[in-house]
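J.: Quick one: this structure, given as structure tokens, is what I'll be asking you about.
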Amino acid sequence: MSRRERLEDEVALARKRIANAPEDTPEDIRQIWEEELIQLEFDLNNLVDEEDDNNE
């Protein structure tokens, strides 16, 4: 599994965790999860594939 695929899976899992969180999940926990999601999305968006590198 490539780095991109792992990040895509992690982003999907993080989104699902936030969407399916119980109503009584503490706000600080939700905030941590949202920050983790933002970081994962940032990493994914800034990932440069090896194929892209070879084409330059």
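Values in this text are rule-based calculations from the coordinates and carry no lab data. The model shown is predicted, which means the values in this text are computed figures rather than measured ones. Note that each Cβ is placed from the backbone with ideal geometry, even for glycine, and that neighbours are counted across all protein chains shown.
J.: Loop only by DSSP, 13 or fewer other Cβ within 10 Å of the Cβ. Give me the GluC sites (Glu not before Pro) in the stretch 1-33 that pass, ordered by residue number.
T.: When the GluC sites (Glu not before Pro) of the stretch 1-33 are filtered for loop state and at most 13 Cβ neighbours within 10 Å, 23 remain.
J.: I've got another one for you. What list of ³J(HN,Hα) couplings, whole Hz, do you get for the stretch 30-37 from phi and the Karplus terms 6.51, -1.76, 1.60, once you set θ to phi - 60° and write x for glycine and proline?
T.: 4, 5, 4, 4, 5, 5, 4, 4
J.: Using a Gaussian network model of the chain whose springs link C-alpha atoms within less than 10 Å, name the residue from 38, 29, 18 with the highest mean-square fluctuation.
T.: 29
J.: Here's another thing I want to ask about it. Per residue, how big is the convex hull around the C-alpha atoms of the chain? Give it to me in cubic angstrom, could you? Walk me through the numbers before you get to the answer.
T.: On the way: hull volume 3.4 nm³, N = 56.
Convex hull volume per residue, Cα atoms: 61 Å³.
J.: By how many nm would the segment from residue 13 to residue 33 grow when fully extended, if each residue of separation counts as 0.36 nm and the alpha-carbon distance is taken off?
T.: Length gained, residue 13 through residue 33: 6.1 nm.
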